[in-house]
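See below for the structure under consideration.
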């Protein structure tokens with residue numbers, strides 16, 4: 001899970017990229033999604049990570065551009081958002097608020 005004492009950032013060097021969680025005041029961090037992570041669940045494999053957003057629910061959300069989907073990550077488990085109820089076409093940006101998930105498509 002994320003917290004107010006960590007930063008999430010996208011490392012897009014090499015596909016599929018990875019989401020790195022950096023602990024404030026620490027000397028290092030860890031990969032929490034994508035390359036080098038221990039993520040499990042139906043949304044754990046990414047094609048091209050394009051964006052990440054920390055949600056109000058202590059989860060973070062990953063935009064997988066090539067797979068055209070949004071993945072919710074919580075406690076090391078990945079789950080596809082929407083479960084096929086909407087179709088994205090090369091999405092490029094993501095925003096998550098209390099009232100929903102927004103994607104620039």
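Table for the structure above
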quantity: Segment 63-105: number of residues that are in contact with a strand residue (DSSP E or B) (Cβ under 8 Å, 6 or more places away or on another chain) and part of a loop (DSSP other than H, G, I, E, B); calculated: 7
quantity: In segment 7-31, the residues that are surrounded by fewer than 18 Cβ atoms within 10 Å (Cβ to Cβ), free of Cβ contacts under 8 Å to residues at least 40 places away in the same chain and either assigned to a strand (DSSP E or B) or touching a helix residue (DSSP H, G or I) at 6+ places or on another chain (Cβ under 8 Å) (or both); calculated: 7, 11, 22, 23, 29, 30, 31
quantity: Search result, residues across segment 32-62 that are in a strand (DSSP E or B) and within 11 Å of the chain's Cα centre (by Cα); calculated: 32, 33, 34, 49, 50, 51, 52, 53, 54, 60, 61, 62
quantity: Residue pairs meeting the criteria (Cβ under 7 Å; at least 6 apart or on separate chains; first surrounded by fewer than 16 Cβ atoms within 10 Å (Cβ to Cβ), in segment 55-71; second assigned to a loop (DSSP other than H, G, I, E, B)); calculated: 56/98; 58/1; 58/2; 66/47; 66/48
quantity: Which listed residue, of 76, 82, is closer than 18 Å to residue 18 by Cβ, surrounded by 13 or more Cβ atoms within 10 Å (Cβ to Cβ) and more than 10 Å from the chain's Cα centre (by Cα); calculated: 76
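Values quoted throughout were computed directly from the atomic coordinates according to the rules given, and no laboratory measurement underlies them. The structure presented is a predicted model; accordingly, all values stated were derived computationally and were not measured. Note that we place each Cβ from the backbone using ideal geometry, even for glycine, and neighbour counts take in every protein chain shown.
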